[in-house]
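Worksheet for the structure shown next.
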Amino acid sequence: MEKTYNPEQIEAKYRALWEDKNLFSSDANSTSENAYSIMLPPPNVTGSLHMGHAFQHTIMDVLTRYHRGKGDQTLWQPGTDHAGIATQMVVERQLAAQDITRHDVGREKFIEKIWDWKEQSGGTITSQMRRLGSSVDWEKERFTMDEGLSAAVNKVFVQLHEEGLIYRGKRLVNWDPVLQSAISDLEVVAQEENGFMHHVKYPFVDGDGFMEIATTRPETILADGALAVDPSDERYKDVVGKWVHVPMTNRTIPIITDEYVDMAFGTGCVKITPAHDFNDWEVGKRHKMEVINLLTPDAKMNANAPKEYQGLDRFVARKQIIKDLDNAGLLVKIEPHKLTPPRGDRSGAILEPYLTDQWFVKIAPLAKPAIDAVKNGDIRFIPENWNKTYFNWMDNIQDWCISRQIWWGHRIPAWYDEQGNIFVANSEAEAQAQAGEGVKLTQDNDVLDTWFSSALWPFSTLGWPEKTPDLSRFYPTDVLVTGFDIIFFWVARMIMFGLKFAGDVPFKDIYITGLIRDGQGQKMSKSKGNVLDPIDLIDGITLEDLLEKRTQGMMQPKMAKKIKKQTQQEFADGIPAFGTDALRFTFAALASFGRDIKFDLKRVEGYRNFCNKLWNASRFVLMKLEGESINPKADLSTADQWILSRLQNTKKNVEKHLTDYRLDLMSQELYEFVWHDYCDWYLELSKPLLQDEATKAGTQATLIKVLNEITTLLHPIIPFITEEIFEQCNTITGKDNTSLMTQSYPQVDETLVSTESEAEIIWLQTFILGIRKIRGEMNIPPSKPLSCFVQNFNESDELHLNNNANILSALAKMQEINKLAPSDEAPESAMALVGEMKILIPLAGLIDKDQEIARLSKEIEKLDKQKMQFEGKLNNEKFVSGAPEAIVNVERERLASTLNAIADLNAQLDKISSL
RNA sequence: GGGCGAUUAGCUCAGUUGGUAGAGCGUCGCCCUUACAAGGCGAAUGUCACAAGUUCAAGUCUUGUAUCGCCCA
């Protein structure tokens, strides 16, 4: 083995090997009793994996590899999403660069172009996943627009329509004038911006005077249907029922009352514009108001507006009308005002409430069972508190607008005859059959919201509506791993559709992960220039390349300077190559239940170091075993029994943490066992034990046994390096195993738990630590041999001393240990305690007297503080009588041993001081 | 306005039925000890945001306050 861990070569080797040998296949193990399945949340087919994906993939892969190791028939289902609007916008932008629109190209050609783009860029994600070692079943890879999945979409649509749960209706929707499509409520983002409030006069039709109202959108005055006041508003009691002129038009409208009006806001009188505001739409319906739409699909003033405004963009029209109002003396004032205009999450354009025909899912009947599934525990959110968020939304859920006026996606399976009759069917032929022969049909132009097909993902990928073996074996899936940002978009809808169509919940657990942020806690985004590509952490990247990557194709070139500066500061030397395993270990270690995760490169470095540690430990073991035959039945030393006992404890904890989805605790457990128990102590203990023929064989057997289990335990987190070590171990043990992947996950062996050996090693560690501490504080090099006296030892101390003389010599460089009778006078010494036993290291030229006095005083001071704590508790009558006896006894013992130690140290201090 | 979350060592974070506050990184010493300097050994560092309450006992449970963040309207 190489002296230094080199991830690059190892990873390339096993990436190929795993797939060649088909080790990710879900068909393997088909006779096993249990099945385990996870659906990969399908990423956008033309996108690339960001840190959040890599994080979630790591979690899913750990779970997948673990269950594979447990012998379950395991499926991790991969695939990608067509991501309707996002993908279409990319291709439209490409066209725009050539100064053409999708309408110039035509629907069919345009869709072809998108498919081309999908083919061209669709490989990015899958190749990134391979780099990460994601062990998905590639043979089962699906795309949301595959034939089978599209058929499932149609079937669901048709059935929901038949049941009256999908309907078409003219309603106000959120209209994106840039996309020229409706979008769902969820795709609307609101952010506070600075705007203006315009106060406008509406003259009375009869008599003098006017009503004053305030509006942020004066251009919609032209479509007003009424003015409204609160029914109980005394100020306007006399004017209710009167009529006013709508400024800039010839129309007149009434003054009405409605509870919706907020008396305290503005003048207490509002204009009602049913076609251009969601609230006003409801008021308008109550009062049977005329609905006037002023806008074209691209948000210009249409023919319903007075001539002089027609054709103007909505914002130009606003300016114009303000000017005209002012000229007409109807503008009272304009004040700055904070407002939150709705914007499209894709286009960023300000949205318009817009009156169009759209398809909707009537959601309440579907939501009810989905709420119950979480309430009755069929589905569990992890961490649990997310179910509050879920209920909060589900209890107030609105009908879902599913039609989009774009071209990329599943075309709505509805056809119209020339009279406008609708035929919803699985295919055109079926629709034709419904309509009758010879009737000319045209298909609905719209496509479905991308999330409609995503909602079917857990069963459509398994072959639904066919009753496939995969479907019966793997549905419901075991866990969904995803971010909180798509609980509403995706998770809730999968639950609703899964229950409705697949007859069961789509998953039993929902593991909601935190969000990966940059080192400053900022959300990673392209425009902020703080994104990290997981592959760059694996392969490393120079500062120059990173700068280039972060600043190319910027929407705002101004930002480039700032981003450059930031990047230069944070990554002055670029990013070193850490390897996939180090990155995966980092993600696993960060996977606690918090909401946000600040990603710290230093952590990756630390886990890369861990890999190196593991690598070198393996080298050590292999060097010590080379050319030797291993006897698994050899007698075991106390150290051997100890490490095996610790190993059982580790396995127990790992198992628990995994079932709790606490991958952070799992990785921490393994980190500590490997580094601190196995490397720091056991490998050091093994050195003298290997020198001794009596203990050599047992030590060799234990070294390799524990190493083998370590690699198997760590494999789900760091598959590459463990696979390489496993292979190297095979050459030593002469075994010929295909892969670590096919090894079964280690089980706890209770017979190996040994409290005696653990107690003895703790004794040994205390002894060695005591010596090291004196060495450390006295600046005595660890290489300098020492001798010591022991005094005040009991039988078991004596036994341990006799057993471990050569270990103490090796690990503490303790040449001679001389026993003193209690009455013997010890020479001037530095002292450490192991329980009641005193270890005395003669000062004799080695140790400075004052230093030892200071050291002892410090120790005593520390113990004194503890003593006071224990005494305080025990002197409290209420504690002694109120607390459980066991607890009180523990405190008593603690106090007793602290008092003993203080007494010993004080005696020693007095003795040295007096010399 | 409604809901959720966070506040623990210089930094990033663990802390599972309440029972002596932990890790990694960083810092300071001493060591190139034949697996590993991407390392070893040792050390220092905390009114657990604040206030009140429950309890023999609160980082942990309850209530309130402050600051920060997210979601929804």
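Annotations for the structure displayed:
- Residues of type aspartates and glutamates that residue A:13 reaches as a straight line, Cα spacing below 20 Å, ignoring anything fewer than 8 places off in the same chain: A:2, A:61, A:137, A:536, A:539, A:581, A:723, A:724, A:727, A:736
- Cβ-derived FRET efficiency at R0 22 Å, residue A:288 paired with residue A:328, nearest 0.05: 0.15
- Taking max minus min of the alpha-carbon positions on each principal axis, chain A gives extents of 120, 66, 58 Å, largest first.
- Förster radius 45 Å - calculated FRET efficiency between residue A:864 and residue A:188, Cβ distance, rounded to 0.05: 0.10
- Backbone HN-Hα couplings from phi across region A:800-816 [Karplus 6.51/-1.76/1.60, Hz, Gly and Pro as x]: 4, 4, 5, 5, 10, 4, 6, 5, 4, 5, 6, 8, 10, 6, 9, 5, 10
- In this structure, the pairs whose alpha-carbon distance is over 21 Å, taken from A:523/A:602; A:624/A:687; A:819/A:849, are A:819/A:849.
- Binning all Cα-Cα separations of region A:828-915 at 5 Å, short to long from zero, yields these whole-percent fractions: 3, 14, 22, 19, 13, 10, 8, 6, 4, 2, 0.
- Cα pair distances in region A:100-140, grouped into 5 Å bins until the bin that holds the longest one, percent each: 6, 19, 17, 15, 13, 10, 9, 8, 3
- Only Cα pairs under 8 Å and 6+ residues apart enter the sum, and on that basis the relative contact order of chain A stands at 12 percent.
- Principal-axis analysis of the Cα atoms of chain A puts helix A:580-590 at an angle of about 80° to the longest axis.
- Taking 1.567 mPa s as the viscosity and 4 °C as the temperature, the Stokes-Einstein diffusion coefficient of region A:192-339 based on its alpha-carbon Kirkwood radius rounds to 83 µm²/s.
- Taking all protein chains together and rolling a 1.4 Å probe, residue A:450 ends up with roughly 20 Å² accessible.
- Take every Cα pair under 8 Å whose residues are at least 6 apart in sequence, average their separation, divide by the length of region A:526-652, and the relative contact order is 23 percent.
- When A:145, A:301 are compared by accessible area of protein heavy atoms, the largest-first order is A:145, A:301, using a 1.4 Å probe.
- The ellipsoid equivalent to the alpha-carbon distribution of region A:588-753 has semi-axes of 28, 17, 16 angstrom, derived from the gyration tensor eigenvalues as √(5λ) and listed largest first.
- Accessible area per residue was computed with a 1.4 Å probe on protein heavy atoms; residue A:773 scores about 80 Å².
- For region A:769-814, carbon and sulfur atoms together expose 52% of the accessible surface, with a 1.4 angstrom probe and every protein chain in place.
- Note on chain A: helix-only mean residue ellipticity at 222 nm, from DSSP H runs of 4+ residues weighted -39500 (n - 2.57) and normalised by residue number, equals -14000 deg cm²/dmol.
- Considering only A:423, A:339, A:814, the residue lying farthest towards the positive end of the dipole of chain A is A:339, judged by Cα position with unit charges set on Cβ.
- Ligands, DNA and RNA are left out, and with a 1.4 angstrom probe the accessible area of chain A is 45 Å² per residue.
- Residues A:766, A:711, ordered by accessible area of protein heavy atoms at a 1.4 angstrom probe radius and largest first, appear as A:766, A:711.
- Measuring nothing but protein heavy atoms, the accessible surface of region A:545-636 at 1.4 Å probe radius is 47 percent carbon and sulfur.
- In the complete set of protein chains, residue-level accessible area for residue A:65 is approximately 10 Å², probe 1.4 angstrom.
- Rolling a 1.4 Å probe over the protein heavy atoms of region A:316-464, with every protein chain left in place, gives an accessible area that is 47 percent carbon and sulfur.
- The largest accessible area among A:217, A:102 belongs to the first residue in A:217, A:102, and the rest follow in falling order (1.4 Å probe, all chains).
The values are calculated or read from the model by the stated rules, or taken from the named source; none is laboratory data. What you see is a predicted model; the values in this text were computed from it and never measured. A quick note on method: Cβ atoms are made from the backbone with ideal geometry, for glycine too, and the neighbour counts reach across all protein chains shown. Quick note on the areas: whole protein, heavy atoms, side chains included, nothing else; ligands and nucleic acids left out. Shrake-Rupley method; radii C 1.70, N 1.55, O 1.52, S 1.80 Å.
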